[in-house]
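The values are calculated or read from the model by the stated rules, or taken from the named source; none is laboratory data. Here the structure is a predicted model, which is why all the values come from computation and not from measurement. Cβ atoms come from the backbone with ideal geometry, glycine included; neighbour counts cover every protein chain shown.
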Amino acid sequence: MHFDIPDLRLFIHVAEANSLTGGARRASLSTAAASMRIKSLEGQLGSRLFYRDSQGVELTPAGHDLLVHARAIMRQVDYIKDEFSQYAEGESGHLRIFANTTAVSDFMPDVLARFLVNRPGVTIDLQERLTHDIIRGVVDGSTDLGVVAGPVNANKKLEIIPFSVDRLVVVTPKGHELATRQTLSFRETLEYPHIGLREGSTLFNFLKDQAGETGSTLQMRIQVFGFESACRMVSRGVGIGILPRSIARRYADFLDIVTIDLEDDWAERERSLIVRELDALPRCGKELVEEIRSMASLSPTD
């Protein structure tokens, strides 16, 4: 069985465009030529890869399987090109990172700023995603690196690299009836109106799921687009919030808020980097992993 790299790249273009014509255009081919190549690929595999109709094309189950492998192969090809181009052109490369809300809003901007300022040839695409989308993205090869908090399904073909601990705490305004407590259970907080992050954020979805497991719902007073906005709302007495302790402590320096430890076991979540294969990352990817691990070793765990 023989695979041509251009045919695999064409297959990915067609799959992502859901259109033979659109995929052919991206590959700078005529539709007829693209159709012949796809049929040849199907013949080699002995499997139909697309369902075709007047609306375009849709992947078959075999097509979905090939897409995962094709993306992995093409990333390896790109990694090889990046790795060897550095000898002639200096350090370069591109990384795509899927990360949870806390990572995108809290520590990743500082880490990436330090990392990129010394590597002018490196570019990074950082995207906020939900945990299951991060894991799926790493598994199917649509991202190079994932940043998550909490358990990761060990059955997946992933390398999991823990680097710090993320503890969630209750944040209340000073003078609130809960402010004198040393610890609280999550169930107790559900009696009060909450201030949370926007719908769809990793932290909001996580807390909503935890509330569901208790048979209750979060009383959402307002949802905002960032941790600072949440802390400011809390400080004005609008409600209480559940946030990462490292973030809450930062805003406690200039806002009238108090942090209280959550008693629940899930409140302490291990932060991890996830990759399909660390050794397969380009050099800049391996260096970024080490940068994040070094950052964590120099910072207090929260």
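Here GLY226, GLY212, GLY285 are screened, and the one residue that is at pLDDT below 95, out of contact with any His (no Cβ under 9 Å at 6 or more places or on another chain) and either over 25 Å from LEU95 (Cβ atoms) or of a type in the set (S, T, N, Q) (or both) is GLY212. When region 146-158 is filtered for residues that are over 20 Å from GLU199 (Cα atoms), crowded, with 18+ Cβ neighbours inside 10 Å and over 8 Å from the mean Cα position of the chain (by Cα), the ones remaining, listed by number, are VAL152, LEU158. Here PHE186 meets the list (1) of a type in the set (A, V, I, L, M, F, W, C); (2) more than 30 Å from ILE73 (Cβ to Cβ); (3) under 24 Å from the mean Cα position of the chain (by Cα) almost entirely, failing just condition (3).
The number of residues in region 30-51 that are more than 13 Å from ALA15 (Cβ to Cβ) and either among the small types (Gly, Ala, Ser) or touching a Pro at 6+ places or on another chain (Cβ under 6 Å) (or both) comes to 8. Being at pLDDT 90 or above, more than 32 Å from the chain's Cα centre (by Cα) and of a type outside the set (Ser, Thr, Tyr), is that true of even one residue in region 15-28? For region 15-28, residues at pLDDT 90 or above, more than 32 Å from the chain's Cα centre (by Cα) and of a type outside the set (Ser, Thr, Tyr): absent.
Give region 209-218 a look and list any residue that's surrounded by 15 or more Cβ atoms within 10 Å (Cβ to Cβ) and either outside any loop (DSSP other than H, G, I, E, B) or of a type in the set (S, T, N, Q) (or both), or say none. Hits for region 209-218 are GLN210, ALA211. Could you tell me whether LEU273 is in a loop (DSSP other than H, G, I, E, B) and in contact with a helix residue (DSSP H, G or I) (Cβ under 9 Å, 6 or more places away or on another chain)? Criteria not met by LEU273.
Annotation: of all residues in region 185-207 being buried (at least 20 other Cβ atoms within 10 Å of the Cβ) and at pLDDT 95 or above, the one that is nearest to GLN219 (Cα to Cα) is HIS194. Counted as qualifying within region 36-109 are the strands (runs of 3 or more DSSP E) with 2 or more residues that are modelled with pLDDT under 90 and within 28 Å of the chain's Cα centre (by Cα), namely 93-99. The set of residues in region 240-252 being at pLDDT below 90 and either charged (D, E, K, R) or part of a strand (DSSP E or B) (or both) consists of ARG249, ARG250.
Scanning region 253-266 for residues that are at pLDDT 90 or above, out of contact with any Leu (no Cβ under 9 Å at 6 or more places or on another chain) and over 17 Å from ASP166 (Cβ atoms) yields a total of 4.
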